[in-house]
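A short write-up of the structure that comes next.
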Amino acid sequence: MKKYFIATYGCQMNVHESEKLAGILRNADYAECNNESDADIIAINTCCVREKAETKVIGYLGHLKALKQVKKDLIIAVCGCMTQQEGTADSLKKKFPFIDILFGTHNTHLFSEYLDERNEGKGVIAVQKDEGEIHEDTPVHRTSGLNAWVNIMYGCDNYCSFCIVPYVRGRERSRAVRNILNEVKGLIEEGYKEITLLGQNVNSYKCPDTQIDFADLIEKIAKIDGKFRVRFTTSHPKDFSEKVVLTMRDNPKITKYIHLPIQAGSDKILELMNRGYTQKDYLNKIDFIKKHLPSVGLSTDIMVGFPQETEKDFLETLKVAEQVKFNNVFSFIFSIRSGTKAATMDGQIEKETKKDRIARFNKLQFDIGVNLAKECVGQKFEVLAEEFKHFEGKPSVIKSRTDCNKIVTFECDKDLTGQFANVIIKKNKNSNLFGEVFKEE
Ligand code: SAM
Ligand code: SF4
Ligand code: F3S
């Protein structure tokens, strides 16, 4: 049997898209392998959200050149957000002529046809400009353990001034509610314990047939029989509604965890970013969330060094982080993305200033994380056991996750993977939590 190897860069959206690539390859009678040197085909699913993501892909392609030289029949396919950018597929082909297949984000479903064309001896460059229809029947080979990713929508219409995503993922479009419900029901029957709904802005979900909104959708999913958890990402603060919070409160299967990217604390910067909310709007939403979901876990994305960000603006980001006390923050240095509005804005910030700001932010967030972890000691949580780790000469442990997305490690001599357990937190090491199983009286 021929073998495939997939290298994935970027966000959960791409991780799930790679599961579709794997599904297509398996239907074409390829089997997975863990080592690229054993592969007959290597698919590279790319990301271009920051310069670093692109540099990694270029580095990887450079590394594959040697492999292709010794293995002439090896097929190299490159797809994803980077290839969807105007002109990039051609420039990649010029730089790495050994690439056999190049396609963008709008035609993943046609991968098997491109494979056939390649097998007939043709090279393929196929980047579709328009997003086209949603394709419901692409096969999926899931690789994320107990968790199943489910797209509820594709694309983005927000055009945040720093972001390349709307240019490479096309216009926002939602899947029909009945297709989502059918997929989720099937996954629960197969035994998945966690369903994560995916979209760049899940709160603007609208069923094209029934006009059902995001809150109604998660409620319908939570009513499906079985013991499982529902998560979702990403929520945009401008569209995140009180109705969603109240639906979360009233439906125990919807996890009390919200990823709500603020990006920056300063109103001036938020406006330049075209985010559509102020610091006050954001903090009001956080207050409402904390009032109705007292056990909530919160995370966010922040960016430092956006054009025209002064020290005073940056201090507003620190202030918000101190006030909200996020459980987790994904912090980024602003990266120029050609074609976006921010790329040509006046007042680009020096590299050294950006580095200094991110280091200061990360230091603050580290301390917040440790303090939040200390506060958990003595608290009880229901966790889902995700991984059993056995070490020679040492007690076995289980890596588990709370409803509010905290990771808890506990000793256990039985493999409980896929089961729910009650734990009490005994200690923390930095922001890591260690617990013990207890039986509910
Ligand atoms: N749709 C999500 C939202 O609105 O928050 C974000 C999706 S984006 C793939 C993930 C994160 O990457 C963003 O929240 C932002 O913090 C970061 N990001 C996007 N463009 C960036 C850029 N040009 N430079 C640095 N970080 C960027
Ligand atoms: Fe990018 Fe903004 Fe869309 Fe998120 S909402 S994907 S940050 S344009
Ligand atoms: Fe995701 Fe990167 Fe594309 S973050 S949407 S894979 S540009």
Handout entry: Cα lying deepest toward the dipole's positive end in region 177-260, options 244, 210, 180, charges on Cβ
Key = 244
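With an 8 Å Cα cut-off and a minimum separation of 6 or more residues, compute the relative contact order for the chain in percent.
Numbers: 848 pairs, mean separation 43.0, N = 441.
Over the chain, the number comes to 10 percent.
Could you size up the charge dipole of the chain around its Cα centre, putting +1 on the beta carbon of Lys and Arg and -1 on that of Asp and Glu, and report it in debye to the nearest 20? Write down the numbers at each step before the final one.
Values: 65 positive and 63 negative charges, 204 e Å.
About 980 debye.
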Practice task
Write out the trypsin sites (Lys or Arg not before Pro) in region 297-375 meeting two conditions: DSSP loop, and at most 16 other Cβ atoms within 10 Å of their Cβ.
Solution key: 325
Practice task
Determine the per residue accessible area of the chain with all protein chains present and a 1.4 angstrom probe, expressed in square angstrom.
Solution key: 47
Practice task
At 0.36 nm per residue, minus the direct Cα-Cα distance, what do residue 413 and residue 223 gain on full extension? Give it in nm, one decimal, please.
Solution key: 65.0 nm
Practice task
Give the Kirkwood hydrodynamic radius (Å, one decimal) of region 14-77, defined as one over the mean of 1/r across all pairs of different Cα atoms.
Solution key: 12.9
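Pairs of alpha-carbon atoms within less than 8 angstrom and 6+ residues apart define the contacts here; what relative contact order does region 96-166 have, in percent?
Here the relative contact order equals 26 percent.
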Exercise for the section: Report, in debye and to the nearest 20, how large the dipole of region 160-312 comes out about its Cα centre when Lys and Arg carry +1 and Asp and Glu carry -1 on their Cβ. Expected result: 240
Problem - Spin-label pair residue 249/residue 209, simplified geometry with 7 Å Cα→Cβ offset, distance in nm - result: 3.3
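Express the carbon and sulfur contribution to the solvent-accessible surface of the chain as a percent, rounded to the nearest whole number, probe 1.4 angstrom. Could you put the intermediate results ahead of the total?
Numbers: 10090 of 20700 Å².
Carbon and sulfur together cover 49 percent of it.
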Exercise for the section: May I ask which residue of 151, 16, 81 lies farthest towards the positive end of the charge dipole of region 13-157, with charges of +1 (Lys, Arg) and -1 (Asp, Glu) on Cβ and the Cα centre as origin? Expected result: 81
Exercise for the section: For region 114-121, just list the computed ³J(HN,Hα) in residue order, Karplus coefficients 6.51, -1.76 and 1.60, θ = phi - 60°, integers in Hz, with x standing in for Gly and Pro. Expected result: 5, 4, 4, 4, 5, 5, 8, x
Exercise for the section: Using the Cα centre as the reference, give the magnitude of the dipole from point charges on the C-beta atoms of region 320-441 (Lys, Arg: +1; Asp, Glu: -1; all else neutral), rounded to the nearest 20 debye. Expected result: 460
Completion exercise
Between the modelled labels at residue 112 and residue 379 (7 Å from Cα along Cα→Cβ) the distance in nm is 4.7
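What number do you get for the chain when its Cα radius of gyration is normalised by 2.2 N^0.38 Å, N = residues?
Values: Rg = 22.7 Å, N = 441, 2.2 N^0.38 = 22.2 Å.
So the Cα radius of gyration is 1.02 times the expected 2.2 N^0.38 Å.
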Handout entry: In order through region 62-68: 3J(HN,Hα) via Karplus (6.51 cos²θ - 1.76 cosθ + 1.60), integer Hz, x for Gly, Pro
Key = x, 5, 6, 4, 5, 5, 5
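On a full-extension model of 0.36 nm per residue, what is the gain between residue 56 and residue 173, subtracting their alpha-carbon distance, rounded to one decimal in nm?
Working: separation 117, 0.36 × 117 = 42.12 nm, distance 2.97 nm.
Taking residue 56 through residue 173 to full extension adds about 39.2 nm, to one decimal.
Subtract the Cα-Cα distance of residue 119 and residue 343 from 0.36 nm times their separation in residues, and report this length gain in nm to one decimal. Mind dumping the intermediate values first?
Details: separation 224, 0.36 × 224 = 80.64 nm, distance 4.07 nm.
Length difference between fully extended and current span is 76.6 nm.
The values are calculated or read from the model by the stated rules, or taken from the named source; none is laboratory data. Just so it is clear, the structure is predicted and the values come from calculations on it, not from any experiment. Note: ideal-geometry Cβ built from the backbone for every residue, glycine included; neighbour counts use all protein chains shown. Note: areas computed on protein heavy atoms with side chains; ligands, DNA, RNA excluded. Shrake-Rupley method; radii C 1.70, N 1.55, O 1.52, S 1.80 Å.
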